[in-house]
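Worksheet: one structure, shown below.
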Amino acid sequence: MVTNIKTRKNLLETYHNAGSELATIYLPSPSATEDAEQRLEIRRKNALSELAETSASPALIQSATSALEQLSHDDGYAHLVIVNGSTTVLSQQLHRPVSRVAVHLGRVPALIPLLAATQSDGDHLAVLLDRAGADVLRRSGVADPIDSTEVDGSDPRLHRSHPGGWSQRRFQQIAENAWENNAREVVDQIRADHPEIDMIICGGDERAVGFFAKHLPARFEVHQVDGSRHADQDAFLDAADVVLRNRAAKGMVAVLEEWRSKSANGLGSTGREVLDFLTSGRVEQLLVVDDTWNQDRPTTTFDFESRAHVPHDSSATSAPVTDGAIALALATNAVVTVVPEHPDIKDGLAAIHRF
């Protein structure tokens, strides 16, 4: 499942609530059916029934009831709701489907699946070009654009002439100069409107894309895909999504390779000793396996007020190893990366240490 949450920050910040009783609820709410509201109501009741069958306190059930009553199917595909016994911690509409109603009760939120999904997200521009200008779509990840702008160049000399003889080359050059001028103006507008963006996925007319890429400053990370400014944008955005997912997959492979290399030199670890490195602030990057829906998740005890692993304290809070590790990582600004299961990663945890 994939979400259009702008950044992972919203998800990670909910781990600051670790230690209190929390309910994490995933609720499908597809809107492309005539009875969407009725279906949502059924799923809402199912979620509350499932929560009532747990050891949730009456206060938590009341918070969940209030939060779920505020939901509507709107234009999204699903909802994520996190509540404690007094308030709604997070209520987020998701723009990709989830497969089923899922309710998790615990002392940490159950967000690793979404953290994994949002690893491919990143602020970028999707730019569809023709010889007159471009459609510039700003996006925060694998989702609908945040906004869209048309940029049309000021040079109208777009068409080649075919009179034959020596003048043909001259008219051809005039047209090509116009295409390049317009592409340069698109670049200038992008730099003015989006100075904070450094990734661009572009497509469209081949010559226009070539001139556009030529004038982009070297700081931009540029990817080219198929597309047409005069066709449906959905196919272009689907191709852009593939770029984002492939980019994230390559990044994950690089992180795993770095962990293996650092471990060979004593600068990496795996298993529950990672929790102790996190407690002492010695983790630069936390690698965590998604075991959210496993039946028997490994657990240990934490002091979430001091953000510490306290394995021998019977009065401390019990929580899944992986989710608890993320809560500890936030206290020392360790980067969190969700990785696939790996035979060398124990208890779903691995770490690259700080020097």
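The values are calculated or read from the model by the stated rules, or taken from the named source; none is laboratory data. These numbers come from a predicted model, not from an experiment. Quick reminder, even Gly has a Cβ in these numbers, built from the backbone with ideal geometry, and neighbours come from all protein chains shown. Just the protein is used for accessible areas: all its heavy atoms, side chains included, with ligands, DNA and RNA removed. Shrake-Rupley method; radii C 1.70, N 1.55, O 1.52, S 1.80 Å.
Computed from phi, the 3J(HN,Hα) profile of segment 336-352 under the Karplus parametrisation 6.51, -1.76, 1.60 (θ = phi - 60°) reads 10, 10, 8, 10, x, 4, 9, x, 8, 9, 9, 6, x, 10, 8, 8, 9 Hz, with x in place of Gly and Pro. Its Cα centre serving as origin, the chain has a Cβ charge dipole (Lys and Arg +1, Asp and Glu -1) of approximately 840 debye. When every Cα-Cα distance of the chain is counted in 10 angstrom steps from zero, the calculated P(r) takes the values 5, 20, 24, 21, 15, 8, 4, 2, 0, 0 percent. Label sites at S72 and E258, each approximated as a point 7 angstrom past Cα along Cα to Cβ, lie 4.4 nm apart.
So what's the back-of-envelope 222 nm ellipticity for the chain, counting only DSSP H runs of four-plus at -39500 (n - 2.57) apiece and dividing by all residues, rounded to 500? Intermediate results must be reported in sequence, preceding the final value.
Details: 9 runs with 128 residues, N = 355.
Calculated at 222 nm, the ellipticity per residue is -11500 deg cm²/dmol.
Leaving ligands, DNA and RNA out of it, rank T87, T65 by accessible area with a 1.4 Å probe, largest first. Before the final figure, lay out each step's value.
Working: T87 70, T65 30 Å².
Highest to lowest solvent-accessible surface, that is T87, T65.
Summing +1 for each Lys or Arg and -1 for each Asp or Glu, what net charge is found among the other residues whose Cβ lies under 11 Å from the Cβ of D290? Can you show the working numbers first?
Numbers: positive: R297; negative: D291, D323, E341.
In short, -2.
Given 37 °C and 0.692 mPa s, compute D for segment 39-108 with the Stokes-Einstein relation, Rh being the Kirkwood radius over Cα pairs; round to the nearest whole µm²/s.
Working: Rh = 12.4 Å.
So the translational diffusion coefficient is about 264 µm²/s.
As an exercise, identify the GluC sites (Glu not before Pro) in segment 43-103 lying in DSSP coil whose Cβ has no more than 10 other Cβ atoms within 10 Å. All intermediate terms of the calculation are to be shown ahead of the outcome.
Details: sites: E50, E53, E69; in loops: E53.
Here the sparse-neighbourhood loop sites are E53.
The phi torsions of segment 135-144, fed into the Karplus equation with coefficients 6.51, -1.76 and 1.60 and a -60° offset, translate into couplings of 9, 10, 10, 8, 9, 10, x, 7, 6, 5 Hz, rounded to whole numbers, with Gly and Pro shown as x.
Here, segment 250-355 has an Rg and a Dmax of 13.0, 42 Å when only alpha carbons are counted. When a/c reaches 1.5 or more, the comparison of a/b and b/c decides; with that in mind, is segment 53-94 rounded, prolate or oblate per its Cα gyration tensor? Prolate, because a/c is 1.5 or more and a/b exceeds b/c. Computed with a 1.4 Å probe over protein heavy atoms only, the accessible area of I112 comes to about 0 Å². If you count the DSSP beta bridges with both ends in the chain, what percent of them are antiparallel, to the nearest 5? So the antiparallel bridges in the chain amount to around 75 percent. Simple rule: put +1 on each Lys or Arg Cβ and -1 on each Asp or Glu Cβ in the chain, find the dipole, and look at P217, F302, V339; the Cα lying farthest toward the positive end is P217.
Pulled fully out, how much extra length does the chain show between T149 and D234, if you take 0.36 nm times their separation in residues and subtract their Cα-Cα distance?
Numbers: separation 85, 0.36 × 85 = 30.60 nm, distance 1.62 nm.
Length gained, T149 through D234: 29.0 nm.
Relative to the Cα centre, the charge distribution of segment 192-290, modelled as +1 at Lys and Arg Cβ and -1 at Asp and Glu Cβ, gives a dipole magnitude of about 420 debye.
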